[in-house]
Structures are given as C-alpha cells and as structure tokens.
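Below you'll find the structure, written out as structure tokens, and then a few comments.
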Amino acid sequence: MYHRLDFSHEGDLTIDELLRRAKANLPEDTDLTPLKKAFEFAERHHRPQKRSSGEPYIIHPLNVAATLIKLKMDLDSLCGGLLHDVVEDCDVSEEEIIEEFGEGIGNIVIGCTKISKIKFKTKEESQAENFRKMVVAMAKDIRVIIVKLADRMHNMLTLQYVSKEKQVKKAQETLDIYVPLASRLGINSVKSELEDLCLRFLHPDMYYRLAEKVAMKKSERESYIRETVSLVHDKLSEYGVKAEIYGRPKHFYSIYKKMQNRDVDFEQIQDLLAFRIMVGNITECYKCLGIIHSSFTPVPGRFKDYIAIPKVNNYQSLHTTVIGPKAERIEIQIRTHEMHEVAETGVAAHWKYKTGEGAKNLNKLKWVEELMEYNRDIPTSSEFMDVVKNDLDIGGIFVFTPTGDVKELRHGASPLDFAYAVHTDVGNKCVGAKVNGKMVPLKYRLKSGDTVEVLTSKTQTPGKDWLKIVKTSRARTKIKQHLLKVERERNKELGQEMFDKALKDFGTSVKALDKKNELSKTYDQFHLKNAEELYQSLGSGRLHLKNILELIPSIDYKEEGAEPEKKKTVESLYNKISNTAKKTSHKDNAVIVDGLDDIMVRMGKCCNPIPGDPIVGFITRGRGITIHTKSCTRIQEFEDSRKIHVEWNQTYTFKHPVSLRVITHDRPGILSRISNNINSLGVNIKSAVAKSLPDLKGSFVFEIEVGDYSEFLKVVSIIEAMEEVISVTRA
C-alpha cells in the first residue's frame, strides 16, 4: 500500500526510543549527548505539569521531537523540539537556555517562545506585531517554523481533550496560517495531515461522513489499487523501467474541497484515487509518462510538468490524470526518490543532503527574503499580517518572459503583477503589455503558458486605480509605497507653505528659529525628528498650526489676542485642508462625524454602507468625508492620518441602496419568485440584472433599498430559504 509518514500520538514514547530513532536518522558520527541533556532539562522543569489528557507534560515535547526525526531534521532542531515550551511555561530564562545549550538551540527555543504568544484571527495591533515577530524569527532561522509546525501537529492530534470552543479556534488558526506555511515550505506530509485534522474539528459531521463512505468501499478499493499497481508495473517492466508504485485514496480534506468547489456529493467525485510512481532519475520520469499515456487514455488539460518548472517551494513531479481500469479516473504522480523525499519533508529534507554552509544558506530562501522586504516596506503590523497571509497562497500560474525565464504568479494576476515580479522600476513605469505577441490592457488576466513583454515609459507613474487590478502582495505593496511617497511630498509642500506664510506674518522664518533652537520644544512634544516631519504633519492635518505657534517662545500667539488679522491668516491657511468638509445647510445626515451632523459626507460606492454596518470615515480633499465599511478592501489605500471617527445617526430614517448577488440553480420563473419574496417584506427593488452561468446556474444582482442592516439580513434570510438558491452575498 501507499507509504506515508505516520504522525500519530505516541502516549508511551520514551527517551530511549527517541535516542534510537535519532541515531538511525542522523549522521553516524553524531554525538547524542545534547539530546539526552535536553530531555533531562525539559523533564525536570515540566515534571509538575500535566496535559489536558491527564498525561505527563513531557509526552508532548517527546512527540514533537519524534515528528522532527520523521522530517529528517538536524540535532539542534530535535533539542529545540524537546525544549520549546520551557521558557514560556517553566520560568526558565532565555539566557539560561543559551548558556546551557548554546546559541543554535537557544535561538530556536526563543523563536518558538515568541511565536506561541501570537493570537491569530484578531485585529489588535499587538497580536499583528507578534505575527511580525514570527516572520522575523523564521527569517533568522527557518528551523524555528519547522519546530513550531511539529508542535502544532501534536497539539492538533490531541485536540479532543480541550473545550469545543478551543478546538474550533485552534483548528481555524491552523488552517489559516500553519497549513499554508507547511505548503510554502514544501512539507506536504504535514500539510495534508493538518488539513484532515482541521476538517475533523471544524466540520466534524462532514469528516466522519467521509470517513464512513471511504471505509465502506475499503476492500473494493484495495482490490482496485492492487490490480492497477500490477498492471502499471507490467507495462513499465516491458520497457525495462524499474519503479516503486503505490496507490492510496486522496486525503479527506482534498475530497472535501473537490465537493465544495464542484458543488457535488461524494458519489459524484470520480478521481478519488492517486497513484505514485518513483524511479531512479529524471529521464526515467519522462519515459514513464510516455508509457502511461500510451497505455491509458490521458484526460485533456490534466497534465502538469513540475520537474521542468518546479513550484516555488521546490516541489518537483509529473502530474497526469488518465482513464484507468474499469473506466475509472486515476491521478498519477511520477518522480524520483529524492524528489519524493523533498515533496514529503520540504525544506527539511535539505538537512539530509546539505551540511555546514549549505544548510545555513537555506535561511536565504527567496520567499523568506521577500517577507523581510515586506517587513521593511510596510509600516503597520496588521497590514503586514494581511500581506503575508495573502502571500502564503502558492497556487498560481506560470508565465514566461520574452527570454524564456519563468515567473510564478497568483491566479488572476495581471501584466502589472508580472511587471512588478520582474522589478519594481519596471512595474512603476509599465504602460501596457504584449501577451503572446498581442497588445493587452493592464487589467488583462494572465494564463499559464503566456509569454509576457512589458511596455514601459519614463513618464509613467502608478495610480490608485492600479490597486484594483493587481493580485500579488509584492505589486500591491510597491504601488502603495509609491503612492505614500507622492502623498508625503504633497503634504510636505503644503505644510511648508502654511508654516512659512504664518511665520512671515510674525516677522520670522524657519531658518531664524532654527538658529535660536526655538523649534526643539515642538519636535520633542510631537515626537518629530526635523522640519520635514513637521511640514508633513501640518500638510496631512495631523497637527494644527496654532498648536505649533503656541510653543515657539519668540511668537506671542494667543487664543484671545490683540492681533486678529494674524490669527485670521493662520486659520485660513489651516482651512486649506479642513474647510471642504463643512456643509452650510442640511443637518439631516445619515452619519455623525466626530459628534457633528453638519459635515458633508458621501457613501463609498465600493461598499455602499448601510446603518448597522461597522463604518470608518476618511477625509478627502474637496469632497468632505467618505464613509466605508470597516471590511471594505479600499480602506487600505488611505493614510491613517485621514481617518476620522464616524457613527450612524440613529434619528436618520431614509432608505439606503445596497446590492445583493444571488447564485441559483437555473430554474424557470426563479427571478420572479425571488422578486416576490423581496417585495413581501416591503422592500423596494431598484434594479435587477440576470445572467446564465455554466453548469446550469443563474446569477442575479439586485439593487434594493433598506432602512438598516437588520432589514437587509431579513432579505438575505428569505432568499437563502429558497430551495433553488445556492448562495446570497453582498455585491
């Protein structure tokens, strides 16, 4: 049967057994004294503690170290696995760990300790900052993350002993962060196991239903696998190819995702079995592929060559789907033995093949370098966390430069994404692109196999609308970085103009004040480094001119003074930023801005907020305050300095437009039935757009008018209750 790593919980694991396994997997001349010492240190400090299962706590670090042995990790990693909880749980200092075990092991333990304090799936800046620390720790030593993955694996295997609430929370953060990390690092054995465990705790009904259905046909499936393996073996032997062939059912989570994506039941999934052929070298891989395709009918469009073009995590294999015996679809992967080990243990496998400088260079992984570039370029930790989560998704497309180099991009990527993948300057100057020799617009969606030539112009600069086009984190970050630079320059010019004119009215200048060191108090109070930061703060509206003038000793600026003309000049300059927000009439606004209901506001057309939505306001030049929902993707485009507190006006009773997208099974009269249900609630439909989708589905977009969010939810509920409806979302 199919060979796979077994990560099962071992409640009776001992240090003697761990040492035996370590000796079998590490180089022959490895001294295991540090491993025994690490166990004794951990056992002594964890002795009073128990796991939720009632087992001695030391069972957990022993299982973590056992997982690291299966992943072919080095001795320092195994010691780090045994010690990973002592700093956090046992009042052991970081200095003591380094003194006892050296910097290599110490840094792994310290890195894991920082990571364990992270609470994912929250918006607090402190938690996002901890996420940032995790990435920095990983960049310093990639082994930190591999130890943490082993730790999370064992925690998930024993999750049944904690509360239901904790099960769901842990499983969700595992699916959000640790599964993509394992995938990105190429550790597919850990990724698949964690996915199945997440499914078990997030959707237990589905998990046990799949387990039951797969078990029901076990004997039939095993018979089919034996028959197919024998048939493939005979075909390969005819051509003198020696190979190991295995077959298995796909992982539960993989089956679950297929059911979700195709909107079908288990019985309708055809390709439930996967076969793997392992051979001696790359030439034999392609020879096998030819034999398989000549022996079985290949399914069009289902062949992928990850040997010629490896995935970003270094995964290599040939993938094909063919019609096997009894007309069953089967997926076949063909690879060398070394490719298999790299596929199962990912970056961890390199510790087996590389030592010394080679292993150290693993910390220079291109992807990790990109994360550190984001760390430098992105100011806020919460935004950094969003960017990295987005970047963890490695599924994508392969496109070519005109010289034949390969770039991997996200699904839906545009020529702009490609341009930024080549170089930041190429992206910033991009005016168009040729795809396969034909001119295409910047918003064109690239496909695997496209050859892309970027067209540039020295006068081109990025615009805010580019953020709506790009899909990759790199492109988004670089565009926002440029826009922020332009915004800062604009603010600096405006702030300098305001300050210079104000000082002129008082018969002085910045140069004169600097000579007398009269701006130092202003810099200290507002945490500014120099005049440039002062200008930017003034121009953006973060600081009021009068607050600065009041701190300058040689200027007699008073709130109630004898020189109203000077004060009038100062106020008029400040109003360059703020005077557009006030309305002169009509105080009946849906939104109250900083306690005032006479401020000019407009609703963001991108998200159409309605009363009850969590909202945020942004100052916009010439258009007052624009209101967005807090979940709107566009709020990332605005500076925090333009953010302003807003709330819904409870006395406002007008109707608000909102759009709904409804996906249904295509049935006669469905549009009429949906419309009647909406009208039965007394809700007006302003417009309705209908179109047919593939697979006999229909898509409808309704613009309706509701009083508040609760009325909107009633509409959603009555539509969702209809038998033909697949999904209802806000458009």
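The values are calculated or read from the model by the stated rules, or taken from the named source; none is laboratory data. Values in this document were obtained by computation on a predicted structure and should not be read as measured data. Cβ coordinates were reconstructed from backbone atoms using ideal geometry, including for glycine residues, and neighbour counts include every protein chain displayed.
Details
- Of the residues 487, 453, 408, the single one that is within 20 Å of residue 311 (Cα to Cα) and acidic (Asp, Glu) is 408.
- Selection within the stretch 160-208 - touching an Asp or Glu at 6+ places or on another chain (Cβ under 7 Å) and among the hydroxyl-bearing types (Ser, Thr, Tyr): 189
- Inspection of the stretch 49-62 identifies at least one residue that is part of a helix (DSSP H, G or I), assigned by TED's automatic domain parsing to the domain that holds residue 112 and closer than 16 Å to residue 101 by Cβ.
- Residues being of a type outside the set (Gly, Ala, Ser), modelled with pLDDT of 90 or more and crowded, with 18+ Cβ neighbours inside 10 Å are represented in the stretch 210-228 by at least one member.
- For the stretch 69-76, the count of residues that are within 29 Å of the chain's Cα centre (by Cα), basic (Lys, Arg) and part of a helix (DSSP H, G or I) is at least one.
- Residue within the stretch 362-384 that is modelled with pLDDT of 80 or more and not assigned by TED's automatic domain parsing to the domain that holds residue 632 present: no
- Options 123, 191; residue that is basic (Lys, Arg), under 25 Å from residue 332 (Cβ atoms) and either within 17 Å of the chain's Cα centre (by Cα) or at pLDDT 85 or above (or both): 191
- Taking the criterion of being of a type in the set (A, V, I, L, M, F, W, C) and crowded, with 17+ Cβ neighbours inside 10 Å, the residues of the stretch 479-500 that qualify are 479, 483, 494, 498, 499.
- Residue that is surrounded by the fewest Cβ atoms within 10 Å (Cβ to Cβ), among those in the stretch 424-467 that are closer than 15 Å to residue 407 by Cα and either in the same structural domain as residue 310 (by TED's automatic domain parsing) or among the small types (Gly, Ala, Ser) (or both): 449
- For the stretch 515-545, a tally of residues being surrounded by fewer than 15 Cβ atoms within 10 Å (Cβ to Cβ) and more than 15 Å from residue 497 (Cβ to Cβ) returns 10.
- Selection status of residue 503, hydrophobic (A, V, I, L, M, F, W, C), assigned to a loop (DSSP other than H, G, I, E, B) and surrounded by 13 or more Cβ atoms within 10 Å (Cβ to Cβ): no
- Qualifying residue in the stretch 243-250 (condition: in contact with a Lys or Arg (Cβ under 9 Å, 6 or more places away or on another chain) and assigned to a helix (DSSP H, G or I)): no
- The stretch 455-476 - residue that is closer than 18 Å to residue 411 by Cβ and assigned to a loop (DSSP other than H, G, I, E, B) and, of those, farthest from the chain's Cα centre (by Cα): 469
- Of all residues making up the stretch 272-300, the number that are closer than 14 Å to residue 323 by Cβ and surrounded by fewer than 16 Cβ atoms within 10 Å (Cβ to Cβ): 5
- Of the residues making up the stretch 176-190, those that are crowded, with 16+ Cβ neighbours inside 10 Å and assigned to a helix (DSSP H, G or I) are 177, 178, 179, 180, 181, 182, 183, 184, 188, 189, 190.
- The residues listed here are 193, 173; of these, the one that is in the same structural domain as residue 64 (by TED's automatic domain parsing), assigned to a helix (DSSP H, G or I) and either without any contact (Cβ under 8 Å) to a residue 24 or more places away in the chain or under 17 Å from residue 252 (Cα atoms) (or both) is 193.
- Considering residues of the stretch 42-72 that are farther than 14 Å from residue 91 by Cα, among the small types (Gly, Ala, Ser) and modelled with pLDDT of 90 or more only, the residue surrounded by the fewest Cβ atoms within 10 Å (Cβ to Cβ): 66
- Condition met for residue 658 (touching a Lys or Arg at 6+ places or on another chain (Cβ under 6 Å) and closer than 30 Å to residue 466 by Cβ): no
- Boolean, residue 230 is hydroxyl-bearing (Ser, Thr, Tyr) and farther than 17 Å from residue 331 by Cβ: yes
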